[in-house]
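Have a look at the structure below before the remarks.
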Amino acid sequence: MDELDKIRAEALALVAQAASLEALEAARVATLGKKGSISGLMASLGKMSPEERKTAGAALNAVKDQVAEAIAAAKAGQEAKALEEKLARERVDVTLPVRPEASGRIHPISQVMDEMIAIFAQMGFEVAEGPDIEDDFHNFTALNIPAEHPARQMHDTFYFGEKADGTRHLLRTHTSPVQIRTMLANKPPIRIIAPGRTYRCDSDMTHTPMFHQIEGLVIDKTTHMGHLKGCLMEFVTTFFEVDEVPVRFRPSFFPFTEPSAEVDIGCSREGGELKIGKGSGWLEIGGSGMVHPNVLRACGLDPDEYQGFAFGMGVERMAMLKYGIPDLRTFFDSDLRWLKHYGFVPLDVPTLSGGLTR
Ligand code: PHE
């Protein structure tokens, strides 16, 4: 039975050395498998006398059980170890704080400009830009406001110092100079909006020296006042996210449009709460009109061939009306509490398909 002891020792050593589940399986096959060392001994039992077979068989079975047990124990150990490793790998620290909400906010002016751009872009308008520092020609003369025209006084212009040639640069008093720059640089058809900063030397409850406008300009051969009305009516219902917003065009005057109209939208003030939509009240939101022939001429366009409309709106005013912001001056106080309250989450980009405001 020396041989049995040897085989047992070898088998147990093999099991003890197996460092993985695969190695253990190999050890099992080498010992208890069909052609394994222990199974080989079993076969030799057949050649023994019944007496011998009885003792040898019992001893062999004991070894077989011992090895099987060793394999089972090693396997359980290996599995426990593998589980430990997996748990260690996939460890999650549940005590970590949740990802904090982004604390920056988009200023309502930026938000409202993005909303307006989204709406007009859908209608086929392109965004155009011009400089904040303008000259007389673009801000006034080309817009049919010649020198000494009373409209120049109305604009409360910030002027820069006089240059050697007697001219002065100025901070643009409206976004309309972008109309001029666009018409000078492009051939019709033209369909642009120009959002941007504007400046007037005026500061009180309802005026800030810097504010924002959005300009619209369409020039081609057939565009008429009906298109202007349709465009702005479509814009206000989409912008205010209200089913029906009455729009009223009130005859007015701007040197650069003829005819000119101020644009009012319907509202109700029932119960002291201002609501955009059907109601007994009206709110002015901007100016508009058909581009004046003199303006077309100043840009080298023949008014007998080309025509179109223009409009201008105040961005702060639109933001105040839409989001119920009561005081214009708070837009520029840089008060973080205000911004946290009225601002917008950065990733909520306004789109028509996803919703302007969510
Ligand atoms: N530029 C005008 C203003 O600032 C607004 C306007 C734009 C009016 C275009 C008519 C057409 O008051």
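In the stretch 275-296, what count of residues is obtained for those that are away from the ligand (no atom under 11 Å from the Cβ) and not in a strand (DSSP E or B)?
Here the count works out to 7.
Restricting to the stretch 297-309, count the residues that are over 30 Å from SER110 (Cα atoms) and either within 11 Å of the ligand (Cβ to nearest atom) or hydroxyl-bearing (Ser, Thr, Tyr) (or both).
1
Residues to consider are THR223, THR175; find the one that is polar (S, T, N, Q), assigned by TED's automatic domain parsing to the domain that holds THR257 and surrounded by fewer than 22 Cβ atoms within 10 Å (Cβ to Cβ).
Selected residue: THR223, the only one of THR223, THR175 that is polar (S, T, N, Q), assigned by TED's automatic domain parsing to the domain that holds THR257 and surrounded by fewer than 22 Cβ atoms within 10 Å (Cβ to Cβ).
Return only the number of the condition from (1) out of contact with any His (no Cβ under 7 Å at 6 or more places or on another chain); (2) within 16 Å of the ligand (Cβ to nearest atom) that GLY272 does not satisfy.
Looking at each condition in turn, GLY272 falls short on (2).
Are there any strands (runs of 3 or more DSSP E) wholly within the stretch 144-223 with 3 or more residues that are touching a residue at least 12 places away in the same chain (Cβ under 8 Å), and if so which?
The qualifying strands (runs of 3 or more DSSP E) are 168-171, 190-199, 210-220.
Quick one: which of ALA43, ALA58, ALA26, ALA30 is farther than 30 Å from ALA82 by Cα and at pLDDT 85 or above?
Of the residues listed, the single one that is farther than 30 Å from ALA82 by Cα and at pLDDT 85 or above is ALA58.
Condition test on GLY312, is it in the same structural domain as THR182 (by TED's automatic domain parsing), within 14 Å of the ligand (Cβ to nearest atom) and not in a helix (DSSP H, G or I)?
When the stated conditions are applied, GLY312 passes them.
Against the definition (on the phi > 0 side of the Ramachandran plot, small (Gly, Ala, Ser) and more than 11 Å from the ligand (Cβ to nearest atom)), how does GLY166 come out, yes or no?
yes
Could you tell me whether any residue of the stretch 286-293 is closer than 18 Å to TYR323 by Cβ, buried (at least 18 other Cβ atoms within 10 Å of the Cβ) and at pLDDT 95 or above?
Yes, because at least one residue in the stretch 286-293 is closer than 18 Å to TYR323 by Cβ, buried (at least 18 other Cβ atoms within 10 Å of the Cβ) and at pLDDT 95 or above.
Condition first: within 16 Å of the ligand (Cβ to nearest atom) and in a strand (DSSP E or B). Now tell me which residues in the stretch 131-143 satisfy that.
GLU134
So how many residues does the stretch 254-269 have that are within 11 Å of the ligand (Cβ to nearest atom) and not in a loop (DSSP other than H, G, I, E, B)?
Final tally of qualifying residues: 8.
With respect to ALA68, determine if the residue is touching a residue at least 40 places away in the same chain (Cβ under 8 Å) and either within 30 Å of GLY230 (Cβ to Cβ) or out of contact with any Gly (no Cβ under 6 Å at 6 or more places or on another chain) (or both).
no
For the stretch 199-237, which residues satisfy the criterion of being within 12 Å of the ligand (Cβ to nearest atom) and of a type in the set (Val, Ile, Thr)?
Of everything in the stretch 199-237, those that are within 12 Å of the ligand (Cβ to nearest atom) and of a type in the set (Val, Ile, Thr) turn out to be ILE214, VAL218.
Of all residues in the stretch 180-201, which are under 30 Å from the mean Cα position of the chain (by Cα) and either at pLDDT below 95 or within 20 Å of ARG317 (Cβ to Cβ) (or both)?
The answer is ILE193, ALA194, PRO195, GLY196, ARG197, THR198, TYR199.
Only one of (1) under 22 Å from GLY314 (Cα atoms); (2) away from the ligand (no atom under 14 Å from the Cβ) is not met by GLY161, so which one is it?
Only one criterion in (1) under 22 Å from GLY314 (Cα atoms); (2) away from the ligand (no atom under 14 Å from the Cβ) is unmet by GLY161, namely (1).
The values are calculated or read from the model by the stated rules, or taken from the named source; none is laboratory data. Given the structure is predicted, the values throughout are model-derived calculations rather than measurements. As a convention, Cβ positions derive from the backbone with ideal geometry for all residues, glycine included, and neighbour counts pool all protein chains shown.
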